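Only one structure is covered here, and it is reproduced in the block below.
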Amino acid sequence: MSGVTMTAQSLREQERAARKAERERQRRVAKDEAAERKRAEKSGFANVNNPRRSVTLTIICAVFAIYCLFPFVYLVINATKTQADFTSTFGLGFGHTFALWDNIVTVFTFNGGIFGRWLLNTLLYVVVGAGGATLLAIMGGYALAKFRFPGRKAVFAVIIGAISVPGIALAVPQFLLFAKLNLTNTPWAMIIPSLISPFGLYLMWIFSEQAVPTELLEAARVDGASEWRTFWTISLPLLAPGIVTTALFTIVATWNNYFLPLIMLKEDSWYPLTIGLNQWKDQASTAGGTAIQNLVITGSLITIIPLVIAFLCLQKYWQSGLAAGAVKE
């Protein structure tokens, strides 16, 4: 019995010691959190465990959010107005008639339904041009990151130089070249220049360096996998965030391209949405022209909806792709 009593006393002492140690730990944690809150209060920032927030940063972020969302709110409100309400009512106020659906129908039927043709043209340029640019950037960036060959440093210098040159500076030389090849006023004048994305190539190069372990590739080669199979079955899934990020950049650049189609295309049947909507806008300011600002606003709203949907659906991959390489392991 004495042995049992001593064992029970030993267990109670261990429990008391454990509770005492836990209380000491909680006091240390509370002390550390209090010290962290004081440091955060002085610096104006807050960490995950700190409920305090910087009022100044909150105001700045709110102003920036309003600045970014204001054009979208303006489009949504004015797309619901008739042409008469658009010219007679306040810009941020709704009109007397809710005409959103009527405006959408008119946009797709105005001038023989040319807006639908512009939308299909834009989709063609994005799917073929931006899609091809993404594919070339993936393959080129992966090769530059994982293979060693003569002239690799020279290629790197060329890519950095190409990134530093603005695209608008190349528009006129591209026009002269395509004019010599008799390719102006054709879809190829938009697709071929869109296939080249120096920034996308550089982004995939850096991402491939970080996301694809060289040891994993060597293991696949030892197992007898070819380079092509290693790329498609092992490397490509690891590159998914970088691929989505590159695709978003190329899609947005091609979708919003304005100056290149402006000088390359002269027939409205090959216009993208950017040039077509600008033509409608100019029509309202031409002497004797029909004022169709409500259609321009509604068409602009329809134009940005696919990009908004793409960003919302791919936001997770896009953010992780931008953060690649930020943490050194």
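The values are calculated or read from the model by the stated rules, or taken from the named source; none is laboratory data. Just so it is clear, the structure is predicted and the values come from calculations on it, not from any experiment. Note: ideal-geometry Cβ built from the backbone for every residue, glycine included; neighbour counts use all protein chains shown. These area figures cover heavy atoms from the full protein model, side chains too; ligands, DNA and RNA do not enter into them. Shrake-Rupley method; radii C 1.70, N 1.55, O 1.52, S 1.80 Å.
A few notes on this one:
- All conditions in (1) open to solvent by less than 70 Å² (accessible area, probe 1.4 Å); (2) without any contact (Cβ under 8 Å) to a residue 24 or more places away in the chain; (3) farther than 25 Å from Ile243 by Cβ hold for Gly161, with the sole exception of (3).
- The listed residue being of a type in the set (Phe, Trp, Tyr), assigned by the TED database to the domain that holds Val128 and not in a helix (DSSP H, G or I), out of Phe207, Phe199, Phe178, Phe149: Phe149
- Yes/no for Val252 being more than 17 Å from Leu136 (Cβ to Cβ), touching a residue at least 24 places away in the same chain (Cβ under 8 Å), open to solvent by 20 Å² or more (accessible area, probe 1.4 Å) and in a helix (DSSP H, G or I): yes
- Residue under evaluation Ile196, criteria (1) modelled with pLDDT of 90 or more; (2) open to solvent by 40 Å² or more (accessible area, probe 1.4 Å), criterion not met: (1)
- Leading residue by the ranking (modelled with the lowest pLDDT) among those in region 268-290 that are more than 19 Å from Thr303 (Cα to Cα) and open to solvent by less than 40 Å² (accessible area, probe 1.4 Å): Gly289
- Inter-residue pairs, beta-carbon under 7 Å, first without any contact (Cβ under 8 Å) to a residue 60 or more places away in the chain and in region 132-157, second surrounded by 10 or more Cβ atoms within 10 Å (Cβ to Cβ), 6+ apart: Arg152/Leu144; Val155/Leu144
- Checked against (1) assigned to a helix (DSSP H, G or I); (2) in contact with a Pro (Cβ under 9 Å, 6 or more places away or on another chain), Val244 meets all criteria but (2).
- So Ile234, is it modelled with pLDDT of 90 or more and surrounded by 15 or more Cβ atoms within 10 Å (Cβ to Cβ): no
- Neighbours by Cβ (under 6 Å, 6+ apart or cross-chain): first from region 209-232, polar (S, T, N, Q); second open to solvent by 60 Å² or more (accessible area, probe 1.4 Å): none
- If only residues of region 84-121 that are in a loop (DSSP other than H, G, I, E, B) and closer than 15 Å to Gln293 by Cβ are counted, the one that is most open to solvent (accessible area, probe 1.4 Å) is Phe90.
- Residue within region 226-233 that is outside any helix (DSSP H, G or I) and closer than 24 Å to Leu273 by Cα present: no
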